[in-house]
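K.L.:
Take a look at the following structure, please.
Read the figures in this text as sums done on the coordinates, not as results from a lab. What you are looking at is a predicted structure, and each value in this text was computed from that prediction instead of being measured. Heads up, the Cβs are rebuilt from the backbone with ideal geometry, glycines too, and the neighbour counts pull from every protein chain shown.
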């Protein structure tokens, strides 16, 4: 279990019983608070397990130190501040087979944040795509 | 032979730019955009009070071939697991009996939601004017067809390979007996397909999918796995791989109307109504199914709700849209109260009304009662003592001549049905955000449990005409209603629903219910 503020059991989730109830019902928690985190749920599979272990927690671990990955039985639960990006060309090289961004989407189970593809890159970001920034098309 | 100017132009162009030998899917997607289909003057059969922009994008750049390839791989993996390893290890019989009952409700109800979402997204395809937005909605229509089949397959699989098939097979035939189906149809049907097209998108995509599919289809897989069910994670996590595109569709609906004047007038009210509509049913029902329909607990439902609904959907979707005028839903305070208590309120009533269901319920064990008290301080004093009394009176045994509904009548605790959500409530006993209010309209008394539904009804009373079971069966005897509405197993006398999951316990029959002489009466008559 990570001590990172983005971990599954962080903050109020670490509390139980009355202590949890007091914070849950506190006046300041009766409205939503803006969050710059993103959540990604990856269905476990040969490809996703390798992407998580070799890329997100391996070669690219330093890209975003806020990233937390937790094992939730049938899926990997990921949370990070800002964005999570997966380059499927890099994944293809590690997997040793053709693997494009649509192959990656086969096992992406949920996203909280703005997720999109561009070329062979999958991105989930806290940015408001289409409002704060335009969604781009692939350039010639 | 002379060549045409067009042929010459094509020949010249190919001389400079050789025909490509391969092209990536996203290059095809970009090329398709150059067709610039003009839907600007689109005449929709399903109008909306909002003006949807003509340049809205689709975030995943789908083309038909990649879509079909992705979905076929998903199906291959899912059916491969189900029909090979899971059948070989007899996975259906390794599911805890309590969870087996829970899946009768979850997969049957989700099937209805998916089925209605086919119509909802077809409607949205018709209403939108941006080509890419239409592309996203169209792929979703195809997804929803896939999901309907997947949910149907889960029930088929549990029926064929699992334990206690009754309720997994053909649950829909029991849909008019009890109150749970009608509430479900309010969120999963009416909310998705009736009214303004953008309002339907907010209900289906921005709230139903972006918010509640995470507990309903993702978190549920953890509960399933903890209770020995490997079937549900295999199918549901595959369903959810399409939901991220649906969430993006819902977000792009908001993007498409963000600059429309109507958004500043209507969007926050529509969002609040959609949030309340969806949470009013999902919050208590999912909490009840997870906590009371499992043996092994993953975490308190209120924590699951707090994570996926309040912190993540609230903060990451709604909170981020604050600078575009989107406000925290006004009903959030009441929704949070419901997330803590309403599923306990609902189980009390569901257990009291168990003969009207299509699944088996179980009273909490002593060990579970301790877990409830630890996580919901005050649970035992309010609910636990009632269950102890019911158990002492033999509520599980048909020879006892006692069903808990009789306890409500004896103690003068009337049960009402909320007209808007169709969710039952007992004002005397509920700790969630429900209180009784009554309106007489067109010669009929209508009961409501909260401000938000009451407000929606006052705006459009004609929309909420659904008769509840007390109105529908007033004066009729319970066993007669159950028999007529197919609530019995294949022997024609044993009820599908039972108040226990003990395989050695005696099963209740129509004769046992008839001996109680329970006659439906409408509690509003006494008001």
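K.L.:
By counting other Cβ atoms within 10 Å of each Cβ, how are A:137, B:12, B:504 ranked from fewest to most? Mind dumping the intermediate values first?
P.N.:
Working: A:137 15, B:12 10, B:504 5.
The order, fewest Cβ neighbours first, is B:504, B:12, A:137.
K.L.:
Using the Cα atoms as the points, what is the convex hull volume per residue of the range B:121-265 in Å³?
P.N.:
On the way: hull volume 18.0 nm³, N = 145.
Normalising the Cα hull of the range B:121-265 by residue number yields 124 Å³.
K.L.:
Given the Cα atoms of the range A:1-77, and with Rh set as the inverse mean 1/r over their pairs in the Kirkwood sense, what is Rg to Rh to two decimals?
P.N.:
Working: Rg = 15.4 Å, Rh = 14.6 Å.
Ratio of gyration radius to Kirkwood radius for the range A:1-77: 1.06.
K.L.:
What is the spin-label model distance, in nm, from residue B:83 to residue B:21 if the labels are put 7 Å beyond Cα along the C-beta direction?
P.N.:
If labels sit at residue B:83 and residue B:21, their model points lie 3.8 nm apart.
K.L.:
Shifting gears a bit: Residue separation times 0.36 nm, minus the C-alpha to C-alpha distance between residue A:70 and residue A:27: what's the value? Intermediate values should be presented prior to the final figure.
P.N.:
Numbers: separation 43, 0.36 × 43 = 15.48 nm, distance 3.06 nm.
Result for the pair: 12.4 nm of gain on full extension.
K.L.:
In whole Å, what is the distance between the alpha-carbon centres of the range A:118-140 and the range B:310-356?
P.N.:
With the range A:118-140 and the range B:310-356 each reduced to a Cα centre, they are spaced 31 Å.
K.L.:
Rounded to the nearest 5, what % of the DSSP beta bridges within chain B are antiparallel ones?
P.N.:
Details: 10 of 12 bridges.
Beta bridges within chain B, antiparallel portion: roughly 85 percent.
K.L.:
Please report Rg (one decimal) and Dmax (integer) in Å for the Cα set of the range B:351-482.
P.N.:
My reading of the Cα-based Rg and Dmax gives 17.1, 50 Å.
K.L.:
How do B:153, B:441 rank when sorted from fewest to most other Cβ atoms within 10 Å of their own Cβ? Spell out each step's value before the answer.
P.N.:
Numbers: B:153 17, B:441 12.
Listed from fewest to most nearby Cβ atoms, that is B:441, B:153.
K.L.:
Would you please give the FRET efficiency between residue B:393 and residue B:160, computed as 1/(1 + (r/R0)^6) with r the Cβ-Cβ distance and R0 = 30 Å, to the nearest 0.05? It would help to have the intermediate numbers written out before the result.
P.N.:
Details: r = 38 Å, r/R0 = 1.26.
The pair residue B:393/residue B:160 has a calculated efficiency of 0.20.
K.L.:
Report, in whole Å, the centroid distance computed from the Cα atoms of the range B:366-410 and the range B:201-265.
P.N.:
35 Å
K.L.:
Turning to a different aspect of this structure: Between residue B:503 and residue B:485, how many nm apart are label points set 7 Å from Cα along the C-beta direction?
P.N.:
Once both label points are built, they end up 3.1 nm from each other.
K.L.:
Now a separate question. Roughly how many whole Å is it from the C-alpha centroid of the range B:54-80 to that of the range B:461-482?
P.N.:
Value for the Cα centre distance between the two parts: 43 Å.
K.L.:
Further, regarding this structure: Any chance you could list P(r) for the range B:450-527, counting all Cα-Cα pairs in 10 angstrom bins from zero, rounded to whole %?
P.N.:
Histogramming the range B:450-527 at 10 Å steps yields 16, 33, 25, 19, 7, 0 percent.
K.L.:
Counting each DSSP H run of 4 or more residues in chain B as -39500 (n - 2.57), what helix-only mean residue ellipticity at 222 nm follows after dividing by all residues, to the nearest 500 deg cm²/dmol? Please report the intermediate quantities before stating the final value.
P.N.:
Details: 19 runs with 254 residues, N = 527.
Rounded to the nearest 500, the figure is -15500 deg cm²/dmol.
K.L.:
Starting from the Cα-Cα distance between residue B:90 and residue B:119, subtract it from 0.36 nm times their residue separation and give me the gain in nm to one decimal. Intermediate results must be reported in sequence, preceding the final value.
P.N.:
Numbers: separation 29, 0.36 × 29 = 10.44 nm, distance 3.65 nm.
Length gained, residue B:90 through residue B:119: 6.8 nm.
K.L.:
Under the rule a/c < 1.5 gives rounded, and otherwise a/b versus b/c splits prolate from oblate, where does the protein assembly as shown land using the Cα gyration tensor? The partial results should precede the final answer.
P.N.:
Numbers: a/c = 1.79, a/b = 1.63, b/c = 1.10.
Prolate shape, in that a/c is at least 1.5 and a/b is the bigger ratio.
K.L.:
Only Cα pairs under 8 Å and at least 6 apart count here; give the relative contact order of chain B as a rounded whole percent.
P.N.:
Working: 742 pairs, mean separation 83.4, N = 527.
Averaging sequence separation for qualifying contacts and normalising by length gives 16 percent for chain B.
K.L.:
Just checking the output field for A:125-135: average partner chain Cβ neighbours within 10 Å of each residue's Cβ?
P.N.:
Partner-chain Cβ atoms within 10 Å, mean over residues of A:125-135: 5.
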